[in-house]
1. Would you confirm whether or not segment B:8-21 contains a residue that is in a loop (DSSP other than H, G, I, E, B) and at pLDDT 85 or above?
2. I want to confirm something. Restricting to segment B:104-115 and keeping residues that are touching a Leu at 6+ places or on another chain (Cβ under 8 Å) and closer than 23 Å to residue B:92 by Cβ, which single residue is most open to solvent (accessible area, probe 1.4 Å)?
3. Could you tell me whether any residue of segment B:17-26 is away from chain A (no Cβ under 12 Å), among the aromatic types (Phe, Trp, Tyr) and touching a strand residue (DSSP E or B) at 6+ places or on another chain (Cβ under 7 Å)?
4. Take segment B:64-79 and flag every residue that is open to solvent by less than 20 Å² (accessible area, probe 1.4 Å) and at the interface with chain A (Cβ under 7 Å from one of its Cβ atoms).
5. How many of the residues in segment A:41-60 are farther than 25 Å from residue B:25 by Cα, open to solvent by 20 Å² or more (accessible area, probe 1.4 Å) and touching a residue at least 12 places away in the same chain (Cβ under 8 Å)?
6. Those residues that are away from chain B (no Cβ under 12 Å) and aliphatic (A, V, I, L, M), I need them from segment A:348-380; list them, please.
7. How many residues, within segment B:36-59, are open to solvent by 20 Å² or more (accessible area, probe 1.4 Å), within 12 Å of chain A (Cβ to nearest Cβ) and assigned to a loop (DSSP other than H, G, I, E, B)?
8. Hey, can you tell me all the residues within segment A:303-321 that are of a type in the set (A, V, I, L, M), surrounded by fewer than 19 Cβ atoms within 10 Å (Cβ to Cβ) and within 35 Å of the chain's Cα centre (by Cα)?
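The values are calculated or read from the model by the stated rules, or taken from the named source; none is laboratory data. Note that this is a predicted model, so its numbers are computed, not measured. So basically every Cβ, Gly included, is an ideal-geometry build from the backbone, and we count neighbours across all protein chains shown. Quick note on the areas: whole protein, heavy atoms, side chains included, nothing else; ligands and nucleic acids left out. Shrake-Rupley method; radii C 1.70, N 1.55, O 1.52, S 1.80 Å.
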Amino acid sequence: MSELLRKSDVKRITGLELNALQFAGVLDRGVFDGSHITSSGTPIYDIDGELLFYRVPVRRGQKASALADVAANSVFGAPLLAVQHGLEWEEQQIKMSAEAAARKIRSNIDFDKMEFVAYSYPKMAIRFSKGNNEILMLELFSWTQVPSERDVAPGPQEYGFSRWSLVRETPEEKKQKNITNYRKRVSQWDELFPPLPPKLRKESFKPEYIKYAEFERQLKAIPTVPRIETRDLYYSLDDNDHHPCYELRGQQTGVWCVAASVQMLLDFYRYDYEQTRVAQALNLGTLTNPNSLPYANDGDVVTVIESMTGNALNATMNTNPSWTEFRGEIRANHPLISFIPGHSRTVAGYTRTSLFEWYVFRGLLVYDPWPPNAGVITRWENFDTQTYRRTFTAAVTMV
Amino acid sequence: MKIMSETDNKIVREEASKLFHTIVEDSLVKREGRLLQPIPIVNINGDTEAWFIGVGVNDILAGFFQLDINLNLMRYSSFQRRTSSLEGCPRIDAWTNSGEILERARKYALPNEQLGVPFLTYDNNISRIVWGVRTLIHECSSRIIYVAGDYVYSKQDT
């Protein structure tokens, strides 16, 4: 058994995680601010019987506003698993519906226990048992009988309707890593907001209440300054009267990622070139006979940006890209062309969430011309998992 | 931790499932999106280097997660050009159905070229995901045909 969270801590830890996410701008204040965690929720078990997580209802006044799933097992490496809005969760009512559905399948069903199980995480079911024996398992809300473990292999694209044990299938090594990460996170919360006996709680901060202003007030008392920064490119530096302003261009051949990246950058500055024309300037051949840009010719990007804008843009190549550069350029409203080994894309935004030293995420908004003729928008690319080889920036030459 | 077996797909999907709730911002995808079966992204030697987990809405591929071999998030990428719109996004089958991918490679191949089983790989960089199909011509020369959505090519072309 690898239970990580005591039932008595569920409300406090859930509240702290939700307060932090709301403060970071990840959760909508319109939905969450002023809400309250009233109970430790419903325990959800693995099919092998271990407690996996708690499904915790979040209420605003008398109304259910959201559900938070909070981990209690080492198969998870962080306390908060998921937050869902607009889903009602009335445990007793669900159990009554489940029992009615079970009696339709087996009118004389005899059981002494009903429990919620994640039969194929995150899919859930209700298990009816007598002693230690399972009598029936019905999928939540569809009330379809969940087949036994031996059944059907998954289909070609999705998992079939079958059960499996998350606990059994999580490698031991990963569980150990999860335990370390999980305990670290909880102990860091404990350090900032220690659990207090009820007597002392009257006057103190109550984490189970999701209140932006109160959480902000609490953070002010903590030496580490909380910071959340996110920025996309806009038409100008005045965000208030413009929408984000950047467009994706897919590369038109398998090797024209640089041409597409340069095209995106020029588009931003209102230079309307066909990709074939940009490719021609970079000596990348034609649509029917395309070439890639050799590493030795990286500097051509600078030359082409400047020549295709009649030197109205002053372009720069950086051979040692850093987070500071990405952040600085986006804050100056400049898109970047980003070369990674073997590929080129553009960067049009960033996010950095840092509530405490241990709560940091750095991400880039990447407009990627791959796959050809389509491209994808990546929000967010984890900055700490990528290798950056070159960046190119451009600024309008001022007179 | 190096994940190699197919059964571990479930663990990959579970990781992606956690990320889905926190990373995906588009309201349509949040509401109607579902995670597809993880597909290993292998290098030319067949070693798994990353995982591709599609996010589907009905039969449309709205985006995908890419996780590294240690299941760290590498990125969430979307084919959507506009919020709450799937216009222009590819069909799921175009990116996940190996039969369809093989068919596209077959149309590209020479008449006497024998085709192998498609595998998800990358071209130059792990972020340039593409299907590869090994081929054999006259039992003496071989090549790989690459299929990236509707775009098909081989290295000899480029």
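1. Within segment B:8-21, not a single residue is in a loop (DSSP other than H, G, I, E, B) and at pLDDT 85 or above.
2. In the first step, residues of segment B:104-115 are kept if they are touching a Leu at 6+ places or on another chain (Cβ under 8 Å); the result is B:105-106, B:109, B:113-115.
Right, trim to closer than 23 Å to residue B:92 by Cβ and you get B:105-106, B:115.
Values: B:105: 0, B:106: 119, B:115: 42 Å².
Going through the qualifying residues, I end up with B:106.
3. Going residue by residue through segment B:17-26, those that are away from chain A (no Cβ under 12 Å) are none.
No: segment B:17-26 contains no residue that is away from chain A (no Cβ under 12 Å), among the aromatic types (Phe, Trp, Tyr) and touching a strand residue (DSSP E or B) at 6+ places or on another chain (Cβ under 7 Å).
4. Filtering segment B:64-79 down to residues open to solvent by less than 20 Å² (accessible area, probe 1.4 Å) leaves B:64-67, B:71, B:73, B:75-79.
Once the filter is applied, which keeps residues that are open to solvent by less than 20 Å² (accessible area, probe 1.4 Å) and at the interface with chain A (Cβ under 7 Å from one of its Cβ atoms), segment B:64-79 yields B:73, B:75, B:76, B:77, B:78, B:79.
5. Looking only at segment A:41-60, we keep the residues that are farther than 25 Å from residue B:25 by Cα, and these are A:41-52.
The next check asks that each one be open to solvent by 20 Å² or more (accessible area, probe 1.4 Å); those that pass are A:43, A:45, A:48-50.
Adding the requirement that they be touching a residue at least 12 places away in the same chain (Cβ under 8 Å) leaves A:43, A:45, A:48, A:50.
Total meeting the criteria: 4.
6. Residues satisfying the conditions are A:348, A:355, A:360.
7. 2
8. Hit for segment A:303-321 is A:317, nothing else.
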